[in-house]
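Following: one structure in structure tokens, then a few remarks.
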């Protein structure tokens with residue numbers, strides 16, 4: 001099952017800079033997209049969502065961009081903070097119920 | 001901030017035994033979910049539950065799995081006869097309205 005892919009297993013960014021996490025998907029029927037972050041020994045924490053009727057959604061330091069034609073979404077974190085260091089998962093769904101998760105990107109923000 | 005509570009945090013069970021994983025969703029949420037993550041693999045959807053019935057389930061959710069909302073606050077996942085490959089982190093989640101839901105901290109199930 002490779003419907004959602006995060007091709008970068010890890011990313012390191014200096015504090016204050018922009019973090020860009022990428023996600024690709026294969027199913028053109030996906031209409032709902034989520035980003036979660038996860039700390040070790042904890043459950044995923046919801047960050048931000050976007051539906052296919054929009055191409056951008058912003059919430060504070062977090063912005064998600066959706067390019068439906070390219071089947072690509074990205075999460076921008078500006079400015080990056082050390083507390084943002086975690087594993088970030090993108091997830092996609094046709095119905096908003098069953099989500100398919102990517103394998104995650106481990107973000108390290110260097111002070 | 002409201003949270004989804006899962007108990008126990010870690011459960012060890014013998015192969016072939018039945019196990020029940022418990023979850024208390026956020027009180028005003030109506031949609032409930034179970035996901036699992038086998039070590040080193042992706043988070044995988046198991047089942048969604050709404051209005052006292054399963055709304056969607058994945059191929060993983062076969063006859064050995066069942067879910068129940070036995071009262072107004074708990075949501076349980078039962079695995080009837082556990083196998084070694086059922087060892088994973090099991091996450092419960094709930095939502096007021098999809099998409100976007102709140103996950104619990106998970107139950108680590110170890111089948112020996």
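Multiply the residue gap between residue A:28 and residue A:53 by 0.36 nm, knock off their C-alpha separation, and tell me the result in nm, one decimal place. Walk me through the intermediate numbers first.
Working: separation 25, 0.36 × 25 = 9.00 nm, distance 1.32 nm.
So the extension gain works out to 7.7 nm.
Within the protein assembly as shown, DSSP assigns beta bridges of which about 90% are antiparallel (rounded to the nearest 5). Stretched out straight at 0.36 nm per residue, the stretch from residue B:9 to residue B:71 would grow longer than its current Cα-Cα span by 20.2 nm.
Which of the peptides B:18-31, A:5-18, A:78-91, A:60-73 is most tightly packed, and how do the rest follow, judged by the mean count of other Cβ atoms within 10 Å per residue? Walk me through the numbers on the way to the answer.
Details: B:18-31: 16.9, A:5-18: 13.4, A:78-91: 18.6, A:60-73: 15.3.
Ranked by mean Cβ neighbours within 10 Å, highest first: A:78-91, B:18-31, A:60-73, A:5-18.
I want the antiparallel fraction of DSSP beta bridges within chain A, as a percent rounded to 5. DSSP beta bridges in chain A are roughly 90 percent antiparallel.
Radius of gyration over Kirkwood radius for chain A, both on Cα atoms: the Rg/Rh ratio is 0.95. So what does the Cα-only Debye profile of chain B read at q = 0.15 Å⁻¹, as log10 I(q)/I(0), no solvent term? Once normalised to I(0) and log-transformed, intensities are -0.57.
Since every read-out is calculated from the coordinates, none of them should be taken as a lab result. Quantities reported herein were computed from a predicted structural model and do not represent experimental measurements. Every residue, glycine as well, gets a Cβ built from its backbone with ideal geometry; the counts of neighbours run over all protein chains shown.
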